[in-house]
Amino acid sequence: MKQVIRQWGCAALVWIGVLANGAALAADPQPPFPAQAKDDGSVISEIERRGALRCGVSYNPGFAANDKAGRPIGFMVDLCRALAAAVLGRADAVEVRRLSKPQEFAALTAGDVDVSFAQTSWTLARDAGNPVDFGPPVFHDEQGIAVWKRPDGRSPLEVGDATICTPVGSTSFANLDAYLARKERPGWTLRPVATWPDALQAFIGRECNALSTDRSLLVTALRGLEGNRDGLLVTTPPIPAREAVAPVASNRDRLWLSAIRWTMFALFLAEDAGVTGENAGFLRITGNSEVQRLLSGLPNEARKIGLRPDWAYQAIVQVGNYGEIFERNIGSRSPFGLERGSNRPWTQGGLLFAPVFQ
């Protein structure tokens with residue numbers, strides 16, 4: 001009996017040691033596996049030699065902006081940081097570059113950025129017409145219209161005297177242009193504007209009494225509007241529209257796209273499986289088989305696409321799962337309070353889905 005007790009006692013000490021080691025790993029974001037710089041011409045080898053991930057973003061409140069200290073913050077910035085943690089082991093190894101929509105594809109083609117999270121929706125024309133590849137959608141949106149109500153309290157959309165400013169070349173512009181071509185809304189006039197910031201300023205300056213783009217952008221951009229907000233209304237146009245916003249990379253390196261794709265999938269799966277930045281160290285040892293595969297990083301497979309052995313673990317521990325990133329930047333823990341909607345795991349009725357990690 002004493003021998004059995006001694007054996008169980010030793011086993012318990014070993015198990016406690018393993019758990020303590022897992023907790024230590026969770027508390028220390030420094031990578032236990034130093035990255036090995038390669039010289040094979042791949043995008044990841046360039047990132048490793050440079051020591052930083054170059055990430056393009058479009059500045060919009062909640063999604064990408066500078067804090068009071070001038071540091072980039074936001075939902076898309078955090079996705080960039082998660083990718084940097086997966087590739088380099090450090091979420092802060094990011095160079096954030098501000099891009100406008102006309103600059104995005106040229107910047108990727110020229111190698112000025114490694115990946116763009118500039119809130120670009122995935123369309124066939126963009127996919128076929130540019131030397132780029134899209135990753136998995138990381139934000140699902142719909143089209144919205146903001147209006148200034150008339151003095152009588154009615155919406156110009158109802159009355160039929162709406163002048164709608166919309167960024168030219170956007171899916172919002174294309175949707176409205178096709179809709180108005182059917183003559184279904186007499187009195188609505190579409191006014192193309194060069195860029196989203198120009199369209200926003202035209203609306204704020206009352207040069208147009210309506211503004212249309214992705215609903216999330218309208219809500220976040222107009223929430224911080226200075227001055228009188230009386231008469232401002234954000235609604236949904238009578239147009240079935242969907243916006244699948246996805247990261248974009250140059251198509252010259254297929255493995256780099258795989259690294260982007262699986263890092264995003266890791267964030268999706270982590271939320272669905274209940275893995276957070278706080279408990280990842282514990283679940284790395286005690287989680288179910290797929291969670292353990294996720295947090296172990298499947299190192300043999302990871303090396304084939306240039307990722308570190310602990311890539312998914314570092315991304316989750318240092319930045320959080322998808323839900324944590326969403327809620328603190330644009331969701332319930334942010335000033336914007338956007339609802340999750342379609343941006344929930346598929347098991348909760350949303351559209352976020354990760355292939356099997358094995």
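The values are calculated or read from the model by the stated rules, or taken from the named source; none is laboratory data. If you're wondering where the values come from, they're calculated on a predicted model, not measured in any experiment. All Cβ positions, glycine included, derive from the backbone under ideal geometry; neighbour counts span all protein chains shown. All accessible areas refer to the heavy atoms of the entire protein, side chains included, with ligands and DNA or RNA removed. Shrake-Rupley method; radii C 1.70, N 1.55, O 1.52, S 1.80 Å.
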Based on alpha-carbon positions alone, could you give the equivalent ellipsoid semi-axes of the range 217-358 from the gyration tensor, as √(5λ), descending, whole Å? 33, 18, 14
Given a 1.4 Å probe and the protein chains all in place, what does the accessible area of residue 92 round to, in Å² to the nearest 10? 110
Mean Cβ count within 10 Å, highest first, over the residues of peptides 131-137, 269-275: 269-275, 131-137
Cα convex hull volume per residue for the range 89-144, in Å³, equals 129
Once you have all Cα-Cα distances for the range 302-358, histogram them in 5 Å bins from zero and send the whole-percent values. 4, 16, 17, 22, 18, 12, 8, 2, 0
In the range 66-169, the trypsin sites (Lys or Arg not before Pro) that sit in a DSSP loop and have at most 12 other Cβ atoms within 10 Å of their own Cβ are 68, 154
DSSP-defined beta bridges in the chain - what % are antiparallel, rounded to 5: 55
Quick test of the membrane-span-like rule: which DSSP H helices of the chain reach at least 24 Å along their long axis (C-alpha atoms) with mean Kyte hydropathy at least -0.5? 2-27, 254-272
Just one of (i) 1.02; (ii) 0.96; (iii) 1.13 is Cα Rg over 2.2 N^0.38 Å as worked out from the coordinates here. Which one is it? (iii)
Rounded to the nearest 0.05, what FRET efficiency do residue 229 and residue 184 have when you use their Cβ-Cβ distance and R0 = 30 Å? 0.50
With a point put 7 Å past each Cα toward its Cβ, work out how far residue 242 is from residue 161 in nm, to one decimal. 3.8
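What FRET efficiency, computed as 1/(1 + (r/R0)^6) with R0 = 45 Å and r the Cβ-Cβ distance, is obtained for residue 204 and residue 286, rounded to the nearest 0.05?
0.30
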Dividing the surface of the Cα convex hull of the range 220-285 by four yields a projected area in nm² of 9.4
Can you give the calculated 222 nm mean residue ellipticity of the chain, where each DSSP H run of n ≥ 4 adds -39,500 (n - 2.57) and the sum is split over every residue, rounded to the nearest 500 deg cm²/dmol? -12500 deg cm²/dmol
Just to verify a number: FRET efficiency for residue 98 and residue 303, C-beta to C-beta distance, R0 = 30 Å, to 0.05? 0.35
Using only the C-alpha atoms of the range 60-183, find the volume of their convex hull and express it per residue in Å³. 145
